[in-house]
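Worksheet: one structure, shown below.
Quick note: the coordinates plus some simple rules give every number you see, no bench work behind them. What you are looking at is a predicted structure, and each value in this text was computed from that prediction instead of being measured. Neighbour counts run over all protein chains shown; Cβ positions are idealised from the backbone, glycine included.
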Amino acid sequence: MMVYKLRYNMPIAAVLLDMDGVVVDNLPYHVDAWLLFCEQHGIPLTREIFYKELNGMNSKDTFEWFYQREMSAEEVAHLEEKKELIYRNFYADHRKAAPGLVTFLETLQKEGIPCALATSAGKGNIDFIVDGLGIRSFFKAIVGGGEVKKGKPDPEIYLKAAQILGVDPAQCWVVEDSLQGVQAGLSAGMQVVGMTTSHTAAELSHTQIQVPHFVDLFDLIHAK
């Protein structure tokens, strides 16, 4: 039985969502794409190493982790496009919203609570998911990995999203699946929902709530 742990009872100024592994349960396709890319480029990578070390990182940090050197924006863009073409080919026919997502977004909109997307993904993948699912209108702000200087686990992306929305970070809920992303949300001083698509509830026990999907999530974080 899932046990929901509420540490705080606070007003909600905004909800900030990660994308991969949260809005869509697509991480296995991303990992498969990374594994194939690395195989093609002679880079050793296992699924276990990806989830432990790389899940949630932006492309620049990931490629620099692989090659163990600083890389130019042009190098990263070139390699990223190769990898993301593999991913989009793998996932295109399987693209669907996470369970309960649309109802959750509709409820936030009805309650007047702004929502932002804050993802390490680049614009191509953001458009692929957001427009592919037809959910762009639900987001008051979208911040991608290319719009911040420091990627997750640095809190910059979540602080920037809160700033764009004009809300107090301490009154924001973040929904994350990766350890890197969870740390970013916590370091931003926000409350974090750990979504168990990439890690177990035990591994995400340092978040305020652990859930498998969006079903009934609004009632949980809005508990009186």
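List the residues of segment 14-44 whose backbone N lies under 14 Å from a point placed 7 Å from the Cα of HIS213 along the Cα-to-Cβ direction. Counting backbone N atoms under 14 Å from the label point, the list is 22-26.
Which net charge results when you count Lys and Arg as +1 and Asp and Glu as -1 among the other residues whose beta-carbon is under 10 Å from that of GLY181? Spell out each step's value before the answer.
On the way: positive: LYS152; negative: ASP18, ASP20, GLU176, ASP177.
Residues near GLY181 contribute -3 overall.
Charge tally around LEU27: other residues with Cβ under 12 Å, Lys/Arg +1 each, Asp/Glu -1 each, net -4. For segment 26-36, the Karplus equation 6.51 cos²θ - 1.76 cosθ + 1.60, evaluated at θ = phi - 60°, returns couplings of 10, 4, x, 6, 4, 5, 4, 5, 5, 4, 5 Hz by residue, with Gly and Pro reported as x. Sorted into 10 angstrom bins from 0, the C-alpha pair distances of the chain split as 8, 36, 38, 16, 3, 0 percent. Its relative contact order, with pairs defined as Cα atoms under 8 Å and 6+ residues apart, puts segment 27-93 at 45 percent. 3J(HN,Hα) couplings calculated from phi for segment 155-160 with the Karplus curve 6.51 cos²θ - 1.76 cosθ + 1.60 (θ = phi - 60°) are, in sequence order, x, 3, 5, 6, 5, 5 Hz; Gly and Pro show x.
Within 14 Å, Cβ to Cβ, of GLN68, how many net charges do the neighbouring residues add up to if Lys/Arg are +1 and Asp/Glu are -1? Once positives and negatives cancel, what remains is -3. For segment 145-224, the relative contact order works out to 23 percent when only alpha carbon pairs closer than 8 Å and six or more residues apart are counted. A cut-off of 5 Å between modelled amide H atoms, ignoring neighbours fewer than 5 places along the same chain, links LEU16 with ALA116, TRP173, VAL174, VAL175. In this structure, TYR67 and GLN109 have a Cβ-Cβ separation that, at R0 = 41 Å, corresponds to a calculated FRET efficiency of about 0.45. At full extension, LYS52 and SER137 could sit 27.3 nm farther apart than now, given 0.36 nm per residue minus the alpha carbon distance.
In terms of Cα to Cα distance under 19 Å, which lysines are near enough to LYS82, apart from those fewer than 8 places away along the same chain? Reachable lysines: LYS60, LYS123. Give the relative contact order (percent, whole number) for the chain; include only Cα pairs under 8 Å separated by 6+ residues. Computed over the chain, the figure is 30 percent.
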